[in-house]
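A.B. asks: The structure is given below, and queries will be raised subsequently.
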Amino acid sequence: MIIDYKRKQLNLKIVYYGPALSGKTTNLEYIHAHTSPDRRSNLVSLKTAEDRTLFFDFLQLELGRISGLVPIIQLYTVPGQTYYQASRKVVLKGADGIVFVADSARERALDNIVSWCDLHMHMREHQLHERTPVVIQLNKQDADGALGEEEMRSLLNAKDCPVVGAVAVNGRGVLETVKLICGETIRFIQTTAREKRQ
Ligand SMILES: Nc1nc2c(ncn2[C@@H]2O[C@H](COP(=O)(O)OP(=O)(O)O)[C@@H](O)[C@H]2O)c(=O)[nH]1
Ligand SMILES: [Mg+2]
């Protein structure tokens, strides 16, 4: 979190994390297409040598004023492929909130577990606050025999995170997810600021 007092801006970093091809870029594309151009940046995608794989995507959103500050939300995605471990760690640094985009297709169960463990390892390495908000998005709910909320919770051993079902290709759950993580992140920042003052 960076507060720019001159511009009265509160910069928040939200990272979309998850296994390769779970739909992280698709989320940002949908948000970009469905927010007013005067409240968002262009969608910036840094491509790697391969075609579909991206080094990361970036999109900035502006929300209405809170306590005299304008929250500027910076959304990032990480590349999911195993060999981009180092880039994932860099992108995650300084995150104020995290969306874990899980792939609900049954055959991707193991990939979700690996990515979830990898996320928590990096969170510890960056000494991110243990209460840093994490929202789980169960994407690809349209897949045959898609895993439901309870199954995914027990798979990831995630009891307390809010879960949103989604089909990012047609936009279902996408705006709901981003609103939820923004709300959770702002609440978390307000709570920790209050705790520090006490
Ligand atoms: N069936 C289905 N396909 C999806 C969904 N969300 C994304 N995809 C597709 O999955 C592929 C990978 O998506 P992408 O956003 O590039 O994944 P990323 O690697 O996590 O950034 C693309 O072909 C998307 O169109 C979904 O909810 N359902
Ligand atoms: Mg991507």
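A.B. asks: Answer yes if at least one residue in region 47-69 is surrounded by 21 or more Cβ atoms within 10 Å (Cβ to Cβ), away from ligand 2 (no atom under 16 Å from the Cβ) and farther than 22 Å from Lys8 by Cβ, and no otherwise.
C.D. replies: no
A.B. asks: Given the condition more than 21 Å from Gln85 (Cα to Cα), touching a Leu at 6+ places or on another chain (Cβ under 7 Å) and modelled with pLDDT of 95 or more, answer yes or no: does some residue in region 110-122 qualify?
C.D. replies: Within region 110-122 (the criterion being more than 21 Å from Gln85 (Cα to Cα), touching a Leu at 6+ places or on another chain (Cβ under 7 Å) and modelled with pLDDT of 95 or more), the answer is no, since none of the residues qualifies.
A.B. asks: Continuing with the same structure: Leu75: assigned to a strand (DSSP E or B), within 15 Å of ligand 2 (Cβ to nearest atom) and loosely packed, with under 13 Cβ neighbours inside 10 Å, yes or no?
C.D. replies: no
A.B. asks: Follow-up question, since we're still on this one. Any idea how many residues of region 53-72 are farther than 15 Å from Asp38 by Cα and of a type in the set (A, V, I, L, M)?
C.D. replies: So the count comes out to 3.
A.B. asks: Please count how many residues of region 25-42 are more than 14 Å from ligand 2 (Cβ to nearest atom) and either in contact with a helix residue (DSSP H, G or I) (Cβ under 9 Å, 6 or more places away or on another chain) or among the charged types (D, E, K, R) (or both).
C.D. replies: Qualifying residue count, region 25-42: 7.
A.B. asks: Take the residues of region 93-115 that are open to solvent by 20 Å² or more (accessible area, probe 1.4 Å) and within 12 Å of ligand 1 (Cβ to nearest atom): which is nearest to Tyr16 (Cα to Cα)?
C.D. replies: Asp111
A.B. asks: Could you check Leu75 against (1) over 25 Å from Asp160 (Cβ atoms); (2) touching a helix residue (DSSP H, G or I) at 6+ places or on another chain (Cβ under 9 Å) and say which number it fails?
C.D. replies: (1)
A.B. asks: Would you call Thr35 assigned to a loop (DSSP other than H, G, I, E, B) and β-branched (Val, Ile, Thr)?
C.D. replies: yes
A.B. asks: If you check every pair at least six apart or on different chains, which have Cβ atoms under 6 Å apart with a residue in region 33-62 that is modelled with pLDDT of 75 or more first and a residue that is outside any loop (DSSP other than H, G, I, E, B) and of a type in the set (Lys, Arg) second?
C.D. replies: Leu61/Arg40; Glu62/Arg39
A.B. asks: Here's something else I'd like to know. Leu147 - would you say it is among the hydrophobic types (A, V, I, L, M, F, W, C), away from ligand 2 (no atom under 16 Å from the Cβ), assigned to a strand (DSSP E or B) and touching a helix residue (DSSP H, G or I) at 6+ places or on another chain (Cβ under 8 Å)?
C.D. replies: Answer is no for this residue.
A.B. asks: Are any residues in region 116-159 surrounded by fewer than 18 Cβ atoms within 10 Å (Cβ to Cβ), within 16 Å of ligand 1 (Cβ to nearest atom) and of a type in the set (A, V, I, L, M, F, W, C), and if so, which ones?
C.D. replies: Result: Ala143, single match.
A.B. asks: A further question on this structure: Failed condition for Val90, given (1) open to solvent by 10 Å² or more (accessible area, probe 1.4 Å); (2) within 12 Å of ligand 1 (Cβ to nearest atom); (3) in a helix (DSSP H, G or I), with all others met?
C.D. replies: Only one criterion is unmet by Val90, namely (2).
The values are calculated or read from the model by the stated rules, or taken from the named source; none is laboratory data. What you see is a predicted model, and the numbers here were worked out from it, not measured in a lab. Cβ coordinates were reconstructed from backbone atoms using ideal geometry, including for glycine residues, and neighbour counts include every protein chain displayed. Note: accessible area is taken over every heavy atom of the protein model, side chains too, but ligands, DNA and RNA are not part of it. Shrake-Rupley method; radii C 1.70, N 1.55, O 1.52, S 1.80 Å.
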